[in-house]
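First up is the structure itself, then whatever we jot down about it.
The values are calculated or read from the model by the stated rules, or taken from the named source; none is laboratory data. Given the structure is predicted, the values throughout are model-derived calculations rather than measurements. Cβ coordinates were reconstructed from backbone atoms using ideal geometry, including for glycine residues, and neighbour counts include every protein chain displayed.
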Amino acid sequence: NTCTKKTKINEVQVIGGIQCTKEKEESDQDSAVSEDTPVEDYPIENITAFFEVTEVHTHLPQYSDDCCNLINIQDYRMFKTKPARGKGYTAGASCITSALMIDIEAKVNLDTGAFCTCVGKDYLQIILPEWKNHLLPIEGVQFSSASNNMYPLGILDANHVFPHPAGSVRMKTEIVVIDNCTSQHIILGNDYLNIYGIDINNHKDRYFTIGDNKRQKFAFSNMPTQTNICSIFCQGYL
C-alpha cells in the first residue's frame, strides 16, 4: 500500500516507493523479500516525484491582472523640489557624459530609449574626419526615430574609454552611422547598456556604474536637457 498523505520535504512530494510507518509493519509480513535476499534481487520500484514550483509574479503598473489587489497605496516622497504646475518637463536632466573615442574626447548620451548605439555623420565628421575609411557595410536593417526614417551608412568599430580617477574603463562598441541624425553626441543605446551592465542611478546624486563594481561611480556632464535627442529604434531585419 502507498501512503496517500503528502510528505513535504523541501517542497518535494514523493508518491510510490515510500510507505507509512503504520502500514510498513503489515507489508513486512506479506513481503516476499527476506532480509537474507541479496541486494541485487530486490524489486525495482518506480518513484515519481512532483516538484511544486511557486511562481513569483511582479505586478507592474502597466500590467492589468485580476488577482492584483491595490492595497496600502502611499504617495512616495520626492528627492527634488517639485516644479511649478505645468512645468514638470523642466525637471528633466541629461544623461550625457564624456568619453574618449580613438583618443578623441566625445560626448556620449546614455539613452535607455535607444535600441542600438549610433551617431550622426555630421557629429562624427567633427570628432573623426576620416571616419569613412573605417566604415563597415550594413545591409537589410531599417531604423527609425519617433517620426522619421533613419538612413544608416555603415558601422564604425570603435572603443569608448570612460575616464575615472580610480581606473578608467574601456568598452569595445560598434556604432551605426546615421545619415540624417542631427544629434551632437554619440548615442549609447540599450545594446551596450545591456552588454556591459551599465546602470543609471537617479537617486539624490545622479551617476552611472559599469559592470559589477557599484562603488565606482561615473558622473554626468552638467549640461542642459537636450530636447532634440534622436532616439533610434531598430524595426527589424528585411
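Numbers below:
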| item | result |
| --- | --- |
| Subset of the stretch 165-199 [within 24 Å of the chain's Cα centre (by Cα) and either exposed (fewer than 14 other Cβ atoms within 10 Å of the Cβ) or of a type in the set (Ser, Thr, Tyr) (or both)] | Ser168, Arg170, Lys172, Thr173, Tyr192, Asn194, Ile195, Tyr196, Gly197, Asp199 |
| Pairs with Cβ under 7 Å, 6+ apart, first in the stretch 96-108 and of a type outside the set (Lys, Arg), second outside any strand (DSSP E or B) and surrounded by 20 or more Cβ atoms within 10 Å (Cβ to Cβ) | Ile96/His185; Val108/His185 |
| Residue check, Val108 in a strand (DSSP E or B) and under 21 Å from the mean Cα position of the chain (by Cα) | yes |
| Test: Val141 is within 26 Å of Thr209 (Cβ to Cβ), aliphatic (A, V, I, L, M) and in contact (Cβ under 8 Å) with a residue 24 or more places away in the chain | no |
| Extreme residue, modelled with the lowest pLDDT, among residues of the stretch 190-238 that are of a type in the set (Gly, Ala, Ser) and touching a strand residue (DSSP E or B) at 6+ places or on another chain (Cβ under 6 Å) | Ser221 |
| Residue within the stretch 147-158 that is free of Cβ contacts under 8 Å to residues at least 40 places away in the same chain, assigned to a loop (DSSP other than H, G, I, E, B) and surrounded by 12 or more Cβ atoms within 10 Å (Cβ to Cβ) present | yes |
| Qualifying residue in the stretch 155-173 (condition: among the charged types (D, E, K, R), at negative phi and modelled with pLDDT under 90) | no |
